[in-house]
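The values are calculated or read from the model by the stated rules, or taken from the named source; none is laboratory data. Since the structure is predicted, the reported quantities are computational estimates derived from the model, not experimental observations. Here the Cβ is made from the backbone with ideal geometry for all residues, glycine too, and neighbour counts use every protein chain on show.
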Amino acid sequence: MPHIVAGPGDIFRPPHRVWRRTRRIYAVPSPCRTWHLEDRRYRYPQVEVPLSGLADFQNSIYLQGLGDVVPTLPTDLTKLEGLAERALSAQAFGYVAGSAGSEATARANRAAFDRWRIVPRMLRDVADRDLSVEVLGTAMPSPVLLAPIGVQSIFHPEGELAVARAAAAEGVPMVLSTASSYSIEDVAEANGDGPRWYQLYWPKDRELAVSFLERAKAAGYTALVVTLDTFTLAWRPRDLNQAYLPFLRGIGVANYFSDPVFQKAVGGPITKENRDMAILHWVANFGNPSLTWDDLIFLRDHWDGPIALKGIQHPDDARQAVDAGMDAVIVSNHGGRQVDGAIASLDALPGVVEAVHDQATVLFDSGIRTGADIAKALALGAKAVLVARPYAYGLGLAGQAGVQHVLRCLQAELELTMALSGIKTLDGLTPDILVRA
């Protein structure tokens, strides 16, 4: 682990020492509606703090308090949404925070976690803790990935580029959305040697789909995540009430506009003259409601790495994924954004885990806000979790530093939750540590 301290222009950046302040670092709103840090008068290094584990992020915060330095974003990540609502435009906030219909599914996702309680055990020797795991060939410092989120430039000008840098700095895999604001190649460059996966929104044009896969493979994305639940957009009142769909404004279409197959279909590179035609071509190609399980053969023929199907909620669908030779399933209801009144993802998880019988890796998303949430999902059978809205809020509030803050908080809280429950490795997170509330 790096040394994690506060420094000028960042939340907790990783130089090697703690800076003793004569005045506090604090956050102020910037004109671009994100947040930056203002730092005044500091003296140079006084205390060196080596960090050996994810939970030591907590110690670094307390040590910085000796110099009157406090976190500029809350360490209770459930508070980020309220801050983001004040900092982002109404359209951007509505897009990320909103869900389908009455938003009952999003509420159910959170309520499901409260129906489970951890039963801590004592005197278990948890001095040497290890949260590392390998998922689909990717070595990870903890069972946490950044879920695919599109149109991130509406939250922060650097969008996916900032997220890619944050993920690389923390060693956490990011999953890039097809609907990103920056291209597959540009995000890969920002991510450097960091682990990265690619998420496919399967277009109607199969030649375009193949081009996306080839570009992702060439750019170093090692696993493919195929989202099954979004072949069309759901009824989302927060967006509808503002008549706001960023794609129609040319946001979140970078991978399409930069693609040679897409460009050929609209007569060449996208310019001011053919931009409207390009957007209409995007509308015609996004999503494919006619897909069936038989079409998965096409993916296997054109992607030679691991494939995960995202959006699985029924045990029978999980079995069909296994029968189709898929490597993983992601239990997800898209954060409640697609079907109002649907089953909570956490409620769907045990049935899916039982259905696959270790024949495929089971991942989880929808509703994660805390380290304890992660522990519960892992105890119910997930190998790892994907986190979405919290890091989107972190991005909107503080760019790359905000994303890193979210990751460090989640991982530290997970390690501390495990340790205080008598668990030192992920293997110890089993169903018998939980009881129904």
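Quick notes on this structure:
- Condition met for V362 (of a type in the set (A, V, I, L, M, F, W, C) and part of a strand (DSSP E or B)): yes
- Applying a threshold of 6 Å to beta carbon distances and a minimum spacing of six or more residues, or different chains, the list of pairs starting in region 402-428 at a residue that is in the same structural domain as A379 (by TED's automatic domain parsing) and closer than 12 Å to S142 by Cα and ending at one that is in a strand (DSSP E or B) and not β-branched (V, I, T) reads T425/D130.
- Residue check for P157: in the same structural domain as A401 (by TED's automatic domain parsing), touching a Ser or Thr at 6+ places or on another chain (Cβ under 7 Å) and not basic (K, R): no
- Q404 fulfils the conditions (1) touching a Leu at 6+ places or on another chain (Cβ under 6 Å); (2) of a type outside the set (S, T, Y); (3) buried (at least 18 other Cβ atoms within 10 Å of the Cβ) except for a single criterion, (1).
- In region 365-383, the residues that are outside any helix (DSSP H, G or I), touching a Ser or Thr at 6+ places or on another chain (Cβ under 8 Å) and within 22 Å of V119 (Cα to Cα): G367, R369, T370, K383
- Among residues of region 217-241 that are farther than 16 Å from P148 by Cα and polar (S, T, N, Q), those with a beta-carbon under 9 Å from a residue that is at pLDDT 95 or above and part of a helix (DSSP H, G or I) at least six positions away or on a different chain give the pairs N241/G94.
- For region 101-126, the set of residues classified as part of a strand (DSSP E or B) and in contact with a helix residue (DSSP H, G or I) (Cβ under 7 Å, 6 or more places away or on another chain) consists of W116, I118, listed by residue number.
- Residue selection: Y182 fails the criterion of being free of Cβ contacts under 8 Å to residues at least 60 places away in the same chain and either part of a loop (DSSP other than H, G, I, E, B) or within 24 Å of G335 (Cα to Cα) (or both).
- Restricting region 198-215 to residues that are touching a Pro at 6+ places or on another chain (Cβ under 8 Å) and in contact (Cβ under 8 Å) with a residue 60 or more places away in the chain, the residue that is surrounded by the most Cβ atoms within 10 Å (Cβ to Cβ): Q199
- Here L346 does not fit the description of being at pLDDT 95 or above and either part of a strand (DSSP E or B) or surrounded by fewer than 24 Cβ atoms within 10 Å (Cβ to Cβ) (or both).
- Scanning region 159-189 for residues that are of a type in the set (G, A, S) and surrounded by fewer than 23 Cβ atoms within 10 Å (Cβ to Cβ) gives A168, A169, G171, S183, A188.
- So V356, is it touching a strand residue (DSSP E or B) at 6+ places or on another chain (Cβ under 7 Å), modelled with pLDDT of 95 or more and surrounded by fewer than 24 Cβ atoms within 10 Å (Cβ to Cβ): yes
- Test: residue in region 303-315 that is under 26 Å from T232 (Cβ atoms), in contact (Cβ under 8 Å) with a residue 40 or more places away in the chain and part of a loop (DSSP other than H, G, I, E, B): yes
- Among residues of region 248-263 that are assigned by TED's automatic domain parsing to the domain that holds I154, those with a beta-carbon under 9 Å from a residue that is of a type in the set (D, E) at least six positions away or on a different chain give the pairs A254/E160; A254/D186; S258/E185; S258/D186; V261/D205; V261/E207; F262/D205.
- Restricting region 71-100 to residues that are among the polar types (S, T, N, Q) and in a helix (DSSP H, G or I) leaves a set whose member that is farthest from I149 (Cα to Cα) is T78.
- Output for region 210-244, where each listed residue is within 21 Å of the chain's Cα centre (by Cα) and hydrophobic (A, V, I, L, M, F, W, C): F212, L213, A216, A219, A223, L224, V225, V226, L228, F231, L233, A234
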